[in-house]
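Asks: This is the structure I have questions about; it appears just below.
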Amino acid sequence: MERTKKSKVVDVAKGLFLVRYATADDDTRPPKINVVVNPKHGKNIELVLSPEHRNATLWQPGSCLVVRAMRPGQLFVEVIPIDSDGSTAATVKIETLSQGEVVVPVRRNVTGRAVADVDSGEDSNQLSLLGHVAGIGDVVARADEWIAGPASPARIEGVSIEWPGKPDDLDMHYSVMLARPHTTSGRTVELGGYAGTRGRALPVVGLSLELSGPGASDFQLVAEAAFLGAPVSQVIGRRLNLAGPTGREPLVGLRLRVDELNVPLQPLSEPVTAKARSPGRVRVFRSRAAQSQLRSYADSVDERAGG
């Protein structure tokens with residue numbers, strides 16, 4: 001009787017990924033790996049195969065295929081023994097392929113106001129931060145880039161956040177506290193809205209940000225803020241409140257990014273068709289690229305199969 005296959009559900013974000021068959025316990029008769037797109041996400045995820053193959057099957061360690069996801073979705077990674085008493089112990093790695101982060105230079109117009117050179121193609125779905133800087137004007141930075149900051153501190157009078165590629169089940173809200181009473185002080189706005197003032201000499205002295213919605217538990221905000229006369233501080237979480245030591249110090253530098261958290265993968269529930277005979281293990285490792293470095297995280301599950 002053929003041994004029961006082992007399956008894992010793998011969540012993938014929007015992007016390009018390499019699925020690589022890394023190792024197998026049985027080198028002479030390694031199990032085969034089938035990669036299947038969840039039918040619910042078939043319109044958004046494409047498997048790129050070698051021209052010599054028609055099926056998304058990896059036959060031995062060292063083989064690989066590419067996944068192109070236009071939206072977040074799921075893959076089923078199936079480990080199938082090559083014969084009736086074959087092993088199901090294998091390691092599969094899923095690695096993010098990246099072309100790096102687009103560098104967006106800041107240019108100045110004839111009035112001396114800073115404006116960003118926006119590339120209408122690449123990176124158009126990533127988070128971006130606009131800050132109105134006193135004496136300069138509106139400055140746009142990509143995720144994890146400074147508006148003003150430690151190297152060139154300047155009073156920030158308002159902020160706006162854009163995130164065209166935001167997941168549908170996730171929302172972001174933010175507000176600022178100003179140095180003096182104003183109608184916009186403390187008013188919460190959604191993505192794309194502007195919190196603060198322009199040209200009124202009212203620097204921001206506090207900033208609050210929050211992720212909400214069903215998908216909020218899968219993400220976290222990472223913000224670094226420089227307040228006048230205070231050390232740079234970093235705050236991480238789904239709800240952030242940024243302010244100086246007394247709450248009256250002007251904000252003179254800000255950078256922000258959103259990180260996707262490692263969500264534990266759950267194995268598919270399958271009926272047991274035979275009694276246990278020998279152990280089999282399926283390991284799936286996933287890695288992500290961040291600022292040109294690949295950061296790996298792993299999820300390993302030990303399962304038993306019957307013969």
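Asks: Would you work out which of P250, F219, P167 lies farthest towards the positive end of the dipole of the range 141-256? Charges go on Cβ: Lys and Arg +1, Asp and Glu -1.
Replies: Farthest towards the positive end: P250.
Asks: Return one whole number: the accessible area per residue of the range 179-249 in Å², for a 1.4 Å probe.
Replies: 52 Å²
Asks: Follow-up question, since we're still on this one. Can you compute the label reach from S217? Point 7 Å from Cα along the Cβ direction, backbone N cut-off under 19 Å, restricted to the range 172-194.
Replies: 172
Asks: Taking R0 as 25 Å, what FRET efficiency do you get between D25 and R71 from their Cβ-Cβ distance, rounded to the nearest 0.05?
Replies: It comes out at approximately 0.10.
Asks: Another question, then. With θ taken as phi - 60° and the coefficients 6.51, -1.76 and 1.60, list the Karplus ³J(HN,Hα) couplings across the range 79-89 in order, rounded to whole Hz; mark glycine and proline as x.
Replies: Rounded to whole hertz, the list is 10, 10, x, 6, 8, 4, 10, x, 7, 10, 8.
Asks: If you don't mind, there's one more thing I want to ask. Multiply the residue gap between V235 and L191 by 0.36 nm, knock off their C-alpha separation, and tell me the result in nm, one decimal place.
Replies: Gain on extension, V235 to L191, equals 13.9 nm.
Asks: So, taking all protein chains as they sit and a 1.4 Å probe, how much accessible area belongs to H53, in Å² rounded to tens?
Replies: Counting only protein heavy atoms, H53 exposes about 90 Å² to solvent.
Asks: While we're here: Spelling out what I want: for every residue of the range 217-227, take phi, set θ = phi - 60°, compute 6.51 cos²θ - 1.76 cosθ + 1.60 (Karplus), and round to whole Hz; glycine and proline get x.
Replies: 5, 8, 9, 9, 8, 10, 10, 10, 10, 10, 10
Asks: Starting from the Cα of S98, step 7 Å along the direction of its Cβ; do the same at V9; then give the gap between the two resulting points in nm.
Replies: 2.7 nm
Asks: Pick out, in residue order, every one of the trypsin sites (Lys or Arg not before Pro) in the range 4-80 that is DSSP loop and has at most 12 other C-beta atoms within 10 Å; say none if there are none.
Replies: Passing sites in the range 4-80 are K43, R54.
Asks: Per residue of the range 128-143, in order, report the coupling 6.51 cos²θ - 1.76 cosθ + 1.60 (Karplus, θ = phi - 60°) as ³J(HN,Hα) in whole Hz, putting x for Gly and Pro.
Replies: Using θ = phi - 60°, the values come out as 9, 10, 9, x, 8, 9, 4, x, 10, x, 6, 10, 10, 10, 6, 3 Hz.
Asks: With every protein chain kept in the model, how would you rank L75, L97 by accessible area, 1.4 Å probe, largest at the top?
Replies: L97, L75
Asks: Gap in Å between the Cα centre of the range 1-50 and the Cα centre of the range 193-221?
Replies: After rounding, the separation between the Cα centres reads 39 Å.
Asks: How much length would be gained if the chain were fully extended between Q60 and K43, taking 0.36 nm per residue of separation minus their Cα-Cα distance, in nm to one decimal?
Replies: Extending this stretch completely gives an extra 3.3 nm.
Asks: Counting only protein heavy atoms and using a 1.4 Å probe, what share of the accessible area of the range 1-82 belongs to carbon plus sulfur, as a whole percent?
Replies: Reported share for carbon and sulfur atoms: 51 percent.
The values are calculated or read from the model by the stated rules, or taken from the named source; none is laboratory data. The shown structure was predicted, so the numbers you read here are calculated from the model rather than taken from an experiment. Using ideal geometry, Cβ is built from the backbone for each residue, glycine included, and neighbour counts are taken over all protein chains shown. Just the protein is used for accessible areas: all its heavy atoms, side chains included, with ligands, DNA and RNA removed. Shrake-Rupley method; radii C 1.70, N 1.55, O 1.52, S 1.80 Å.
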